[in-house]
Each structure stands twice: as structure tokens, then as C-alpha cells.
Amino acid sequence: MIYNPTMECLSHDKMRELQGKRLHNIVEYVYHNVPFYRHKLQELDILPDDIKTIEDITKLPFTTKKDLRDNYPFGLQAAPQSEIIRVHASSGTTGNPTIVGYTRKDVGIWSECMARCLTAFGVTREDIFSVAYGYGLFTGGLGAHYGVEHMGASVIPAGTGNTEKHLKLIRDLGVTGIACTPSYALYLAETMDKMGIRKEDVRLRVGAFGAEPWTEQMRREIELRLGLKGYNIYGLSEIMGPSVSYECQEQHGSHINEDHFYPEIINPTTLEPLPLGQTGELVFTTLTKEGMPLLRYRTRDLCSLLPGECQCGRTNIRMGRIEGRSDDMLIIRGINVFPSQVESVVLSMQEFAPRYMLVVDRVNNLDTLQVQVEMRQEVFTSTFDTPAAVDQLEKKLAGKLKSVLSIAAKVQLKAPGTIERSQGKSVHVIDKRKL
Ligand code: ADP
Ligand code: ZN
């Protein structure tokens, strides 16, 4: 089934024509409503009327996460506050999170894009669908929730945590579909084992997994242990949230909702566009967004756009899996974590030398984060034979980290000079997860 055959199966030429029109409109719109973009376009000597076709997109300036942070909180918002009906926030690098406001039309488009994904995964109105992404400021929970309602399946707003109760509901209610991070899916499987629930005892058949990188191997393991078929769903809050792209039954790349989000792949160093099939940084322009439209937003995600047609009948272009990042962002338990956030905490405390290491691992299918920090010599000398003092210092650091990162980190204090020095560029992350 295809949710919106008109838009998902439009001919290449018609799609380019539609994208060109929408691009012109969005440039006109931001020119008049977002001073940041007006100034950028004026600097480049571009008027909205210079943008006529989708090919003209390369004339436009890029937008980065830093631009969003510099214009915190509402600087890039184009719609008046009275038109904004929802605000989400994504974790920032240091300090300010990224704020994204949505108008009613935006939420409607988002819900439809999400309904397109679910339909491509084979979800129907008969399904009972559990949303186990985080509800709240993250886009995962509410984004998926509205999509399920939009397409008419029954939604169970489970959220994360409370895993045993959730599994009881999955079993007792005959839940057939679930949206969550792939690592949470594996955690569910573990918990099922612990509770003695077998996959034969549940009716799960479809999983919508995303918000973090995962592998084919993980897919196979999740499918085997939960007895369902797992589909990839991709998105980011700056552009919309989950549903920017989605796998179809062919599972050969993810179709992009390109009538709303225009993709480009660029070389992250030269910023030159790259041809189909080549891996580079994924860039999106929102073609219809009212709340916070973005021109050529650099996602920092590395992937390629796939050439050729898909057997499923959809003509929307496909992107390959996310192969990495062009910055140092980590995704730990679904939360974006930047080493620079840890650095800012370490530097803010007198007790520590600016030497730290993030050790990320996956234990029993759950991501773990350990932060190692070197104590300053005087602190080390005065505390190393009083375990209580060390303990207190660890707690103090752990508390500060938690409030900045939004996830708990295990802290390990180290003696001066014991964190390995790298030759050349300093290394602040050891990621032992095999992704
Ligand atoms: P969300 O709340 O949807 O996770 P964020 O804006 O916090 O949105 O994070 C978006 C980032 O998450 C993306 O830029 C990408 O790095 C990662 N991500 C989201 N979905 C996937 C996916 N299916 N595969 C790999 N990475 C993903
Ligand atoms: Zn397809």
C-alpha cells in the first residue's frame, strides 16, 4: 500500500517542477520573514526571483547547527508566534538546545509523512501500534504518535522506561507494531527473556526503528528475537523529526519525502554537490515548512543518494544508510551527545585538568557512557587516600554531566597524566560499540 500515491509516485520531471515552485516560494517567504536569511541572501546578491527552478538551489547559502544556536531561541522562526502550535527542542552541543516551532500546517504535513512511512512498513488501521520513543521535547514520541493517529491505527503512547509494564501491554493487548530505537528494541527482547515472555506469546509484526545508527546485523537480531520485521525510519528535528525518509518493502535504501524535504549530497570540505551514488554530507531544504523553514541545512550525516528505480513503485529518491557523521556527535541511548559538552563541564570545575575521555560501550544491548577525567595534581594529592572525598567529587561531576547531557554517565577519576595522550589530533572518544 502507498499512502499518498500522487506524491510518492510522481514522475521525476513533475517532481522537479513541483520542487522548483516550492523552492521559489520558500525563498520568497524566508526573505520577507527571517532577517537572518534576508541578510544572507543580500550578501550573495540574490533576490527570490533569481530562484526559479530546483537547479537554482546551489545559489543558496547553507545553514548550520551553529546558525540555529546563534539565533537561539526563535531567531530563525518565520511564522508569527500566534501561528506556532508546538515547540520541540533537540540537544545542543554546549549550552543552548535547538528550538523548532511548528505551525498547524507543519504538524499536519509531519503527520502525513509519518503515515506514509507506516503504510510503507505495512501498518494498517487494524494494527495496534505502540510508540516507545521518548515523549516530550524530542520529536520521536509525538511525531510517531500523530502519524499513527493520522493513518488510523490505534496508538499506545508507551514512551520509554516502564519496560515490564509495556511488555505486559504488548502481550495482553495484542500489540502488532512498535516504534522505538533499535537499541531499545533489543532491550525489550532482553526484558522479555527475563520475564519469561516468548516471542510466540506476543503478536508484534512490524517495527519502525530509527533515531540512531544501526546495522543489518542488529536488524536480524531484533527480527529474530521479537518475531517482527524491522524497518528503518530516519529524521532530524531541525527538518521535521522522524519521517524525513523511510524504507519500503524492498528495504533497499529509504525513500525521502522529497516533495517536502529536498535532499542534496555535498563534499563536507569543499561544499561542492556530489553526484548520485557518492557518499557525502546530507543537506536538506524544507520546501513547505512554515514554522522554521531551513535552506540547505547541513545535517552532518554522511550517506549517499541512490540512483535507479525502486521496485515498490514509489519514485521518491532513496538515501542509503547513515554511514557516519562529519562532526563528532555521538548518539547514546538515542540522545545526541557531543564531546564538547563534557569538555565544558570539565573546564568549569577547578578540580580537573582539561584531560578527559568518553568511553562508550553497549552492555546487554544498552549503551553505556563512562567519562574519565584527570584530577589536578593538588586535588589528587589531597584526596587520593580519602575515598569519601573521591566519591564526593565523582558525584559532583556526575551530577553536572547529567544536567548538561540529559543522560547519566559513570564517572571515573584518574590520577594526573594517566589518560593516554595521542600523537596528533587529540582523541576524546573510545566507542566500543560495533556500529
Ligand atoms: P530525533 O529526535 O529524531 O533523534 P535528533 O534531531 O535528536 O532527532 O537527531 C537526529 C539525528 O539522529 C540524525 O541527524 C541522525 O544522525 C540520527 N538518526 C536519526 N534516525 C536515524 C537512522 N534511522 N539511522 C541512523 N541515524 C539516525
Ligand atoms: Zn521502494
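The values are calculated or read from the model by the stated rules, or taken from the named source; none is laboratory data. Remember, predicted model here, so these are calculated numbers, not experimental data. All Cβ positions, glycine included, derive from the backbone under ideal geometry; neighbour counts span all protein chains shown.
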Please go through segment 220-249 and give me each residue that is under 23 Å from residue 313 (Cβ atoms) and among the basic types (Lys, Arg), ordered by number.
229
Residue count, segment 110-135, condition within 16 Å of ligand 1 (Cβ to nearest atom) and either outside the structural domain of residue 245 (by TED's automatic domain parsing) or under 24 Å from residue 293 (Cβ atoms) (or both), comes to 6
Counting only residues in segment 136-174 that are over 22 Å from residue 189 (Cβ atoms) and either assigned to a loop (DSSP other than H, G, I, E, B) or not assigned by TED's automatic domain parsing to the domain that holds residue 228 (or both), the one nearest to ligand 1 (Cβ to nearest atom) is identified as 138
Expected output for segment 293-313 (first residue more than 12 Å from residue 279 (Cα to Cα), partner of a type in the set (Gly, Ala, Ser) and within 16 Å of ligand 2 (Cβ to nearest atom), Cβ below 9 Å, 6+ apart or cross-chain) is 310/253; 312/120
Any chance segment 333-341 includes a residue that's within 16 Å of ligand 2 (Cβ to nearest atom), of a type outside the set (A, V, I, L, M) and part of a loop (DSSP other than H, G, I, E, B)?
no
Those residues of segment 60-84 which are assigned to a helix (DSSP H, G or I) and either more than 27 Å from the chain's Cα centre (by Cα) or touching a residue at least 60 places away in the same chain (Cβ under 8 Å) (or both), in sequence order:
65, 68, 82, 83
Quick one: residue 404 ticks every box in (1) assigned to a helix (DSSP H, G or I); (2) at pLDDT 95 or above; (3) surrounded by 14 or more Cβ atoms within 10 Å (Cβ to Cβ) except a single one, so which number is it?
(2)
